[in-house]
Each structure stands twice: as structure tokens, then as C-alpha cells.
1. Where does each of 6, 40 land when they are ranked from fewest to most other beta-carbon atoms within 10 angstrom?
2. What does the highest-first list of 178-184, 168-174 look like by mean Cβ count within 10 Å?
3. If the cut-off is 13 Å between C-alpha atoms, which aspartates and glutamates fall inside it for residue 154, apart from same-chain ones fewer than 8 positions away?
4. Going through the range 1-65, which trypsin sites (Lys or Arg not before Pro) have at most 16 other Cβ atoms within 10 Å and a DSSP loop state?
5. In whole Hz and in residue order, list the ³J(HN,Hα) couplings for the range 178-188 that follow from phi through the Karplus curve 6.51 cos²θ - 1.76 cosθ + 1.60, θ = phi - 60°; x for Gly and Pro.
6. Where Lys and Arg each count +1 and Asp and Glu each count -1, what net charge lies around residue 19 among other residues with Cβ under 12 Å from its Cβ?
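Every number here is computed from the coordinates shown, using simple stated rules; none is lab data. Because the structure is predicted, anything quoted here is derived from the model rather than measured. Ideal geometry is used to build each Cβ from the backbone, glycine not excepted, and the neighbour counts take in all protein chains shown.
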Amino acid sequence: MSLAALYDIPVHKITGEGTSLADYRGKVLLIVNVASKCGLTPQYDALEKIYARFKNSGFVVCGFPANDFGAQEPGSNEDIQTFCRSTFGVDFPMFSKIAVTGPDTHPLYQSLIAAEPKATSPGREAFRENLNGFLQQHGATTNPEPGILWNFEKFLIDRNGKVAARFSPEVLPDDPAVVAAIESCLNS
């Protein structure tokens, strides 16, 4: 699927202003559903570092907070923004909290999932088993494929507006496979 349709989907900046991804046309994007109270939250640090490393080459990380998994993003948009800046020095664009799974899935994530139904990761099955164990311990149900597995799933969008890759939550933003995919998109 081309990002052209994604450019038109209304989203809101974390500060509340309506916008879309049209401002990022022609750039390489890493769209990530994020959360502040998750075991994977330290990935904010790697996201910020990868953003700083490649932003002058036309790369943008887009953070979309979601409270869909274990209620790990309970705060307001203002709380999230303050936490991200003060704890991890986040400078990449952050957007308002949205749903990335279930019946209220935001149209942006509906489109991303439709374009790339499965995430790549050599450890995805092991991560899913651990996650399912965690969910069962807390009385929750497991997450079905092809939806978003958990916080910090990553979609890489190339300069031509196509989903180039989708990475599972446990794949770190600075993993060599992610960096290679970003560099490939930036150089094409």
C-alpha cells in the first residue's frame, strides 16, 4: 500500500493540533506505537538516538502513544509529552494517544496493518509466548495476528510512501536489521 492514502488520514499532534503525515512526504518514517509504563519503554532512548543520527538525511520517527496493552499509557497527552522529554529527551514528533488494536483501531493503524500484516523478528514467537504468559497471569487475553502485538511495534515507510518493513516490539530501534533497513530506504 502506498503512503499516499496515509498522508490524508487525520491525526493530532501531542499538543492537540490537527494535522496529517503530509508534512513528511518524501521522508523515511519510522512509525511506532509507544507507551510510558512498559517494560519496553527504554526503547525511547534508542528511538531518539536513531532519530538524531538520521534526521538530517530525511528520517523521522513518529511516536503514537497507545494505552491498548496492559494500560501502560494511562496519562494525558501532556503527561506523556512531559515524561518523554524529561526522561528520554525526546525531540522526534509525538502525536496524540490513539487506539492501535481492537474495534477502535485508528485509521492510520488500520492502513499500516493492512499494508504489512506481519512483523519480522527472529524472536517473535518467543516474545509472543512470554507475552501470552504475562497476559494470562494478569487475566487478559492474548493478542491475535495480524494486529499489533504490543507496545513499540515499528513500521518503516520508505521515501516513495510504501511500507518497507514492520518490526516486532522486541526488536530494538538500533538493531542492525532496523538500521540497515533505514539506510536502505534513505539511499533509494
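1. 40, 6
2. So the peptides 178-184, 168-174, ranked by packing, come out 168-174, 178-184.
3. 116, 170, 174, 175
4. Here the sparse-neighbourhood loop sites are 25, 37.
5. 5, 4, 4, 5, 4, 4, 4, 5, 5, 8, 9
6. In short, -2.
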